[in-house]
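Take a look at the structure set out below.
The values are calculated or read from the model by the stated rules, or taken from the named source; none is laboratory data. Source: prediction; values computed, not measured. So basically every Cβ, Gly included, is an ideal-geometry build from the backbone, and we count neighbours across all protein chains shown. When the accessible area is computed, the model is the full protein with side chains, heavy atoms only, and any ligands, DNA or RNA have been set aside. Shrake-Rupley method; radii C 1.70, N 1.55, O 1.52, S 1.80 Å.
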Amino acid sequence: MAHEDEADWVFRDRHPERGEVYARMDSESERAYATLKVQRGLHYGDHPREALDLFPGQPGAPLVVFFHGGYWQSLSRERFAFVADPLVRAGFNVALPGYPLAPEASLSAIVAAASIAVKAATEAATAAGLAPSGWIAAGHSAGAHLALMTALSPQSVPLRGVVAISPICDLDPLRGTSLDNALKLTRQDVRSLSPARLPLPSARVQMIVGADESAGFRGQTFSHTARMVQAGHDCSCRELPGLNHYTIPLEIRRPYSSIMAAVIELTGTPAGQGGTGLCLQGNV
């Protein structure tokens with residue numbers, strides 16, 4: 001019998017467009033590698049997946065560290081290289097880290113690797129003469145979880161904020177689902193690795209979710225936003241109509257992208273509404 005929360009987190013069979021979306025991601029990512037300046041495969045550890053790609057933007061601009069999704073057990077940084085194109089064109093420096101996957105690595109080891117990746121990314125950007133004025137933690141799904149977790153780790157450059165797209169904030173509903181076959185989450189993992197159960201980041205948080213996503217993802221996005229707002233934290237939430245868990249990452253490439261607006265707002269340049277704690281609808 002399926003776990004009661006299975007449908008909220010395992011839904012690939014309900015999205016036949018998934019293959020087409022991944023094909024577009026791959027195509028756009030190949031174009032990004034071909035057209036942008038990039039330092040590829042900068043290793044920050046011994047594992048083959050402990051490597052990052054650095055896309056230089058403007059010297060002195062913030063460094064956006066973007067973590068890919070895949071429930072910590074699939075996908076790769078290469079598939080998400082398309083996010084670098086609009087960010088670099090807006091002047092940002094961009095780092096795309098890979099990280100070890102479950103079941104080979106535990107989630108605690110993955111989180112630790114992600115924190116090391118941020119340190120390596122800021123060091124690589126500095127060595128490249130980019131002198132980033134700060135860094136922005138960003139990611140999608142499991143990558144948004146890693147963004148929220150790494151935002152709690154002290155770094156040598158200041159944290160400017162977090163952009164969490166379709167984040168997993170509380171691990172407890174995943175326990176007992178088919179996803180847990182690889183993750184093997186413990187109660188201690190839930191307590192120590194769930195952003196919803198930990199202190200809040202020191203900087204502003206931008207939460208983004210698709211209106212067509214599952215109740216699990218929408219519910220966690222809204223509840224974690226509410227938690228931050230109730231604590232007086234600087235947080236905004238955007239609910240984007242017509243987008244689901246697979247289609248939302250590509251929104252960053254749209255004209256007047258809500259994801260781009262969220263990133264730009266973290267630099268102190270207003271790009272739309274924000275900071276209210278309300279979940280705004282549409283491209284704002």
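Shape summary: the range 136-185 maps onto an equivalent ellipsoid whose semi-axes, from the alpha-carbon gyration tensor, are 25, 11, 7 Å in decreasing order.
Distances over 16 Å make up what percent of all Cα-Cα pairs in the range 193-244? Tail of P(r) above 16 Å: 39 percent of Cα pairs.
Proximity of backbone amide H atoms, modeled 1.01 Å from N, is registered between A102 and Q73 at under 5 Å, excluding neighbours fewer than 5 places apart on the same chain.
Determine the share of the range 38-133's accessible area contributed by carbon and sulfur atoms, expressed in whole percent, with a 1.4 angstrom probe. Provide the component values of the computation, followed by the final result.
Details: 1760 of 3270 Å².
It is 54 percent, rounded to a whole number.
Please grab the % of Cα pairs in the range 1-138 that end up more than 24 Å from each other.
Values: 3283 of 9453 pairs.
So the pairs more than 24 Å apart make up 35 percent of the total in the range 1-138.
Count Lys and Arg as plus one, Asp and Glu as minus one, and take only other residues whose Cβ is under 15 Å from that of C169; the net charge is then -1.
Test of the criteria: in the range 16-103, which trypsin sites (Lys or Arg not before Pro) are in a DSSP loop and have at most 14 other Cβ atoms within 10 angstrom of their Cβ?
Here the sparse-neighbourhood loop sites are K37.
Counting only heavy atoms of protein chains, what accessible area per residue, in Å², does the range 144-227 have with a probe of 1.4 Å? Intermediate values should be presented prior to the final figure.
On the way: 2920 Å² over 84 residues.
Value for the range 144-227: 35 Å² per residue.
Can you tell me what percent of all Cα-Cα pairs in the range 53-121 are more than 16 Å apart? Tail of P(r) above 16 Å: 48 percent of Cα pairs. Between A127 and V229, how high is the FRET efficiency from 1/(1 + (r/R0)^6) when r is the Cβ-Cβ distance and R₀ = 35 Å? Nearest 0.05. That pair, A127 with V229, gives E of 0.35.
By Kyte-Doolittle mean hydropathy of at least 0.5 and Cα axial length of at least 27 Å, which whole DSSP H helices of the chain are selected? The partial results should precede the final answer.
Numbers: long enough: 107-127 (30 Å, 1.37).
Helices meeting the criterion: 107-127.
A 1.4 Å probe run over the protein chains yields, for the range 13-57, 60 Å² of accessible area per residue, whole-number rounding. Once the other residues with Cβ under 11 Å from the Cβ of R160 are scored (Lys, Arg +1; Asp, Glu -1), what is the net sum? Charge balance in the 11 Å sphere: 0. For a paramagnetic label modelled at 7 Å from the Cα of I116 toward its Cβ, which residues of the range 51-72 fall within the zone defined by backbone nitrogen distances under 16 Å? Answer for this model: 51-53. Evaluated at q = 0.19, 0.32 Å⁻¹, a Debye calculation over the C-alpha positions of the range 157-204 (equal weights, vacuum) places log10 I(q)/I(0) at -0.70, -1.20. For mean projected area of the Cα convex hull in nm², the value computed from the atomic coordinates appears in the list (1) 16.2; (2) 17.5; (3) 13.4 under label (3).
For the range 72-88, putting each phi into the Karplus relation 6.51 cos²θ - 1.76 cosθ + 1.60 with θ = phi - 60° gives couplings of 6, 9, 7, 6, 7, 5, 4, 5, 9, 5, 4, 5, 5, 4, x, 5, 5 Hz, in residue order, rounded to whole numbers and with x for Gly and Pro.
So for the range 110-197, Kirkwood radius off the Cα pairs, Stokes-Einstein at 20 °C and 1.002 mPa s: how many µm² s⁻¹?
Details: Rh = 13.9 Å.
It diffuses with D of about 154 µm²/s by this estimate.
The local environment of E265, defined by Cβ-Cβ distances under 13 Å, has a net charge of +2 under the rule Lys, Arg +1 and Asp, Glu -1. Here R254 and R187 are evaluated by their C-beta separation; at R0 = 45 Å the FRET efficiency comes out at 0.65.
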